[in-house]
Amino acid sequence: MNILLVEDNEDHVRLIKRMLAEGLGGACDLKCESRLSGGLQCLAAGGIDVVLLDLTLPDAGGVDTFVKTHQHAPAIPIVVLSANDDEAIAINAVQQGAQDYLIKGRIDSHLLVRALRYAIERKRLEQRLLFLANHDNLTNLPNRLLMADRLHQALSRAPWRKRTLAVLLLDLDHFKRINDTLGHTVGDHLLQAVAKRLGECLRDGDTVARLGGDEFAILLLDMASAQDVPVVVQKILEAFGKPFVVKEQEIFVTTSIGVSLYPNDGKDTETLLKHADIAMYRAKELGRNNYQLFSPEINVMALERLALETDLRRALERNELSLHYQPRVDLATRRINGMEALLRWHHPTRGAIPPGTFIPIAEQTGLILPIGQWVLRAACAQNKAWQEAGLPQIRVSVNVSTRQFHQQRLAQLVADALNQARLEPRFLELELTESLMEEAEETIKTLRVLKFMGIELSIDDFGTGYSSLSYLKRFPVDRLKIDQSFMRDLTTDRDNVAIVTAVIALARTMNLTVLAEGVETDEQMELLRGLRCDEGQGYLFCRPLPPDEAARALSRGSL
């Protein structure tokens, strides 16, 4: 135990030396100073484990003696010494951070040694608790609290330093998929690897923090100009281009980054963090794996999105949602052999909100689950109503999002919708996205249950996603819907023709029906018929119709 004794009374010094010799034998190294100035110099030299500090010295007195010592060496435990009539001052010193106090004349070797040992242990525990309160226990990075404190301190110095500082918020893309497929242990190891790599991208003095989950923050200090910030951000994105090796397994993960700059985007902690967060969500909306700088325009968009999200939460209960139906046509006969249910939202003040605007919000917020359930029930009920009206019996298809598909009770929800409408399962088709095919085993189980129920299954927007021949072989699907992007320039683009030809040939080999989406011209239709495509859907035949107009189209039978 390396002890510093700051005491000007030689008798007291000799007494403490004797007590330490009795209590610790040779297991201590005692340095003695008679003035506070000498004690502070000794502390500056390092190597001290604990300080015994007299509060009355030639060059300092009272609580101020402790305060100066503590400020000089905040990590070193201090036990203060006081006379009988100064006990109140000693207690005050403890209240301000001293680990203990001893009254001169009431000390023996046992009490002295115990006080020193307890002071060291209490300081160690205090520092550990302080670390835990300010750091993330998985990555040991600063947490949200410490990040905010460092940002606050940086902002207090920023005006007179006349330098730019930047706040970056990073969110790992599709991290939940890693947890779900590889397990939370692998996910935790990946977060640790991300923390290490982020640290390697930064300079000394910059801060990287973990705010929670898969969200990180970076504070860039003393940037010469705003133009330097994108250079650092691009370096981070490039670092994520390399795989992370976790338990001898390579994992690729990207990140979306939002950036706010002082002073243009805010002059206080809360504003800068909020604006970086808004920019980060904009990066995600633009496809992820990119960065966005905050701007007033992005802020306006974020406020509008928040208002739209609030209104969407009420849209169901206010009966603002409806379904339109777009016919599916047999290309050989132009007869209607199915309808696709398409969701529409008529806002009370904004009018018609495009699906491309509100459906992504529903997906991100989880509102797609209650909305999707409503769509399923409404589509089944409408088809049954058409049948009871004596119209031709056709199959109605309903889009199922990835989030809906992963509900534990999807098959039961489908069965409930059919039972409630008293509709036979063969008159319902579910349209699935290709991204579902990446999670093969779990997907196959659910698809087989749905197929066993008698429901038809199709792959929507085929050719734009996973597009693996292996999943077509293993998955019990009935129909491929060629994405409308391949219809554009179909009559002039050889590549598009080659792709469509290959998809149709593949489907025929596997006894699957092929439907072309987005058919808009007679030339496209004739080319598709020549390629022996089964079905078509698009504005050439009919736009999406409200239920009464769709019923009239059904009664005509062909388009």
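Tabulated data for the structure shown
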{"read-out": "Exposure ranking of R403, R494 by accessible area [1.4 Å probe, largest first]", "value": "R494, R403"}
{"read-out": "Antiparallel DSSP beta bridges within the chain, as percent of all bridges there, nearest 5", "value": "50"}
{"read-out": "Length added when fully stretched, E388-D29, from 0.36 nm per residue minus Cα-Cα", "value": "119.4 nm"}
{"read-out": "Efficiency of FRET from Cβ geometry, Q234 and D49, R₀ 51 Å, rounded to 0.05", "value": "0.60"}
{"read-out": "FRET efficiency, R334 to L286 (Cβ-Cβ, R0 51 Å, nearest 0.05)", "value": "0.80"}
{"read-out": "Computed over the range 51-121, the ratio Rg/Rh where both radii use C-alpha atoms and Rh is Kirkwood", "value": "0.93"}
{"read-out": "Filtered trypsin sites (Lys or Arg not before Pro), the range 196-259: DSSP coil and at most 11 other beta carbons within 10 Å", "value": "R203, K247"}
{"read-out": "Exposure ranking of M1, M280 by accessible area [1.4 Å probe, largest first]", "value": "M1, M280"}
{"read-out": "Where labels lie 7 Å past Cα in the beta-carbon direction, separation of D85 and D108 in nm", "value": "2.8"}
{"read-out": "Three-way shape call for the range 1-88 based on the alpha-carbon gyration tensor, with the a/c threshold at 1.5", "value": "oblate"}
{"read-out": "Solvent-accessible surface (1.4 angstrom probe) belonging to K242, in square angstrom, nearest 10", "value": "130"}
{"read-out": "Length released on extending from A307 to K445, taking residue separation times 0.36 nm less the Cα-Cα span", "value": "45.8 nm"}
{"read-out": "25 °C / 0.890 mPa s Stokes-Einstein diffusion coefficient of the chain, Kirkwood radius on C-alpha pairs, µm²/s", "value": "83"}
{"read-out": "The chain: calculated mean residue ellipticity at 222 nm from DSSP helix runs of at least 4, using -39500 (n - 2.57)", "value": "-15000 deg cm²/dmol"}
{"read-out": "Within-14-Å neighbourhood charge of R114 [Cβ basis; K, R +1; D, E -1]", "value": "-1"}
{"read-out": "Value of Rg/Rh across the range 507-559 [Cα atoms, Kirkwood radius]", "value": "1.04"}
{"read-out": "Percent of beta bridges antiparallel (DSSP, the range 283-435, rounded to nearest 5)", "value": "60"}
{"read-out": "Within-12-Å neighbourhood charge of N92 [Cβ basis; K, R +1; D, E -1]", "value": "-3"}
{"read-out": "Rounded to the nearest 10 Å², the accessible area of S555 at probe 1.4 Å", "value": "80"}
{"read-out": "Area accessible to solvent at D86, 1.4 Å probe radius, in Å²", "value": "40"}
{"read-out": "Nearest 10 degrees, 0 to 90: helix 144-161 Cα axis against the chain principal axis", "value": "70"}
{"read-out": "Pairwise centroid distance, computed over Cα atoms, of the range 357-434 with the range 480-511, Å", "value": "27"}
{"read-out": "For the range 202-259, the fraction of alpha-carbon pairs in successive 10 Å shells from zero, as %", "value": "18, 47, 28, 6, 0"}
{"read-out": "When each of K196/K247; K247/K445; K451/K473; K445/K481; K242/K274 is checked by Cα-Cα distance, pairs over 19 Å", "value": "K247/K445; K445/K481; K242/K274"}
{"read-out": "Separation of alpha-carbon centers, the range 202-256 and the range 89-146, rounded to whole Å", "value": "36"}
{"read-out": "Point-to-point label distance, N134-L559, nm (Cα→Cβ direction, 7 Å offset)", "value": "6.6"}
{"read-out": "Rounded to whole Hz, the Karplus (6.51, -1.76, 1.60) HN-Hα couplings of the range 352-360, x for glycine and proline", "value": "6, 9, x, x, x, 8, 9, 5, x"}
{"read-out": "Hydrodynamic radius by Kirkwood, which averages 1/r over all alpha carbon pairs of the range 472-517, in angstrom", "value": "11.1"}
{"read-out": "Trypsin sites (Lys or Arg not before Pro) restricted to the range 314-361 and DSSP loop, no more than 15 other C-beta within 10 Å", "value": "R318, R334, R350"}
{"read-out": "Calculated FRET value between E317 and E10, using beta carbons and R₀ = 60 Å, to 0.05", "value": "0.10"}
{"read-out": "Neighbour net charge for S295 - beta-carbon separation under 12 angstrom, K R +1, D E -1", "value": "-1"}
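The values are calculated or read from the model by the stated rules, or taken from the named source; none is laboratory data. Since the structure is predicted, the reported quantities are computational estimates derived from the model, not experimental observations. No Cβ is skipped: glycine too gets one built from the backbone with ideal geometry, and neighbour counts run over all protein chains shown. The area values use the complete protein model at the heavy-atom level, side chains included, leaving out ligands, DNA and RNA. Shrake-Rupley method; radii C 1.70, N 1.55, O 1.52, S 1.80 Å.
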